[in-house]
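Report on the following structure.
The values are calculated or read from the model by the stated rules, or taken from the named source; none is laboratory data. As the structure is a prediction and not an experimental result, all values here were calculated from the model. Reconstructed Cβ throughout: ideal geometry from the backbone, glycine too, with neighbour counts over all protein chains shown. All accessible areas refer to the heavy atoms of the entire protein, side chains included, with ligands and DNA or RNA removed. Shrake-Rupley method; radii C 1.70, N 1.55, O 1.52, S 1.80 Å.
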Amino acid sequence: MRIDVDSGRCVGAGQCVLAAPALFDQDEAAMVVLLNGEPTGDEVDAAQEAENVCPSGAITLTT
Amino acid sequence: MTVSDQEITAFPVRVPGAPYPPCPYAEFRERPGLVRSELPTGSRVWLVTRHEDVRAVLTDRRISSNPSREGFPSVARTGGVPSQEQIPGWFVGIDPPEHDRFRKALIPEFSVRRIKEWRPLIQETVDRCLDRMLELGGSADLVAEFALPVPSLVISTMLGVPFVDRDFFESRTRTLVDLKASTEDERDLAVRELLRYIGRLIALKQKRPGEDLVSRLLATGVLSPQELTGVIMLLLIAGHETTANNIALGVVTLLANPQWIGDERVADELLRYHSVADLVSLRVAVEDVEVGGQLIRAGEGIMPLIAGANRDLAAFERPDEFDPGRSARQHVAFGYGVHQCLGQNLVRAEMDIVYRTLFRRVPTLAIDADVDALPFKYDGTIFGLHALPVRW
């Protein structure tokens, strides 16, 4: 699985950080920062939750 | 069949003694398309109750949040909540791209990390409010003595309101939300007093900046002092009654489900389960748009029912059960899309700290009334409790 983030769409809700703190962070402007774009194991579920709860469609998963 | 010939379904008002959310929501979710209804003001609206459809409405750029647009649903004026026309910076009613300027200026103050930094302050505030309630002896109204002061004192501290002014701040915001105890004139006066006070606070922070939200927002220079006044008013109002009602209803639900006390997943499940801000996400279509198999014409009003979406079986197993063990985080209690609640991480932190602290420090806490006979806010825009008598 590969994760792509679009910080132009990000609205800074931080939902991805709550869902998958090992994969996502927020910068000083609260915009999404991708920590690891290739999740494995349990992180795959967390990545899917992050994509699902993102309010602005800023996270794309490719399998 | 034209739109005007379509069947108008009565708006599902909350009935004292009946379950919340109102039972018709479940039936609406099963109907094809959306439900045409009429608000008590006479405004025609499309009611949206499915989780997928609510998320679609709240993320569609052809659908507007601007209340001055033709066809925007008109709801009865609630309390002293001012409108965008009265106050610049009331950005819940502003569409992108103009909305983005406000969101981008404010959201850094509400990131997951920034809210984590505020946790010691929230803990201190919760402890102080609890001290005051416990001083009353063995019983109190938890809404008046705890649930309402906590969010008000937390936000006023974050804003940098001087300590001596916090009681003034708290009393005026309370006047705004307490529809039973205040008249419309009193609420109008409270709005004017608060706006005047916020104006003075901004002037003070321009002269002597501190480590607070108002000073930092001024330093960015993105918002004018006039806009900042409206923004601060919005933060106060949007985060006060909603949070207080969540706190109070959560106490009732956790006392009935004590095995979940202390679980970090409690806040999101309570937010989903109670969905207090069921009726606030009003919209209007700017172009023709199809949602849930229903054609919505340009200029028609839309009312996503948040509690409907949060009880949708298609999104949550056993949706009417309270179960923090589930994955509830796709709930729309904070809305969805670009307007999703700015303060959501603050609310989560407040709820988490409130319940941990309350049940640890007051292990004998009990409701001092028949739960079914509690004064639920069947009449308010925001669902909740007018009062919650407790003893310990």
| Pairwise centroid distance, computed over Cα atoms, of region B:97-167 with region B:265-341, Å | 26
| request: Percent of Cα-Cα pairs per 10 Å bin, from 0 to the last occupied bin, for chain A, please list those. | output: 26, 62, 11, 0
| note | Taking only the alpha carbons of region B:1-77, the radius of gyration and the largest Cα-Cα distance, Dmax, both in angstrom, are 13.6, 39
| query | Counting only other chains, what is the mean number of Cβ atoms within 10 angstrom of the Cβ of each residue in peptide A:13-20? | reply | 6
| From Cα coordinates alone, what are the radius of gyration and Dmax values for region B:117-218 in angstrom? | 14.9, 46
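Based on the Cα atoms of region B:176-228, what semi-axes does the equivalent ellipsoid have, where each is the square root of 5 times one gyration tensor eigenvalue, given in whole Å with the largest first? Let's see the in-between values first.
Values: eigenvalues 162, 20, 19 Å².
Semi-axes (√(5λ), whole Å): 28, 10, 10.
Under the Kirkwood approximation for Rh and a Cα-based Rg, what ratio Rg/Rh is obtained for region B:35-148? Don't skip to the end; give the middle numbers.
Values: Rg = 20.1 Å, Rh = 18.5 Å.
Taking Rg over the Kirkwood Rh, I get 1.09.
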| query | Of the listed peptides B:385-392, B:94-101, B:246-253, what is their order by residue-averaged count of other C-beta atoms within 10 Å, with the highest listed first? | reply | B:246-253, B:385-392, B:94-101
| said: Considering the Cα positions of chain B, please state its Rg to one decimal place and its Dmax as a whole number of Å. | reply: 20.7, 65
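Averaged over its residues, how many other protein chain Cβ atoms are within 10 Å of peptide B:94-106's Cβ atoms? List each step's numbers first, then the result.
On the way: counts 0, 0, 1, 0, 0, 1, 1, 0, 0, 4, 6, 1, 2.
Per-residue shielding by partner chains comes out at 1.
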| How many angstrom lie between the C-alpha centres of region B:203-253 and region A:7-31? | 22
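Run the accessible area of the protein assembly as shown with a 1.4 Å probe and give the carbon-and-sulfur part as a rounded percent.
C and S atoms contribute 51 percent here.
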| Dimensionless Rg over Rh [the protein assembly as shown; C-alpha; Kirkwood] | 0.94
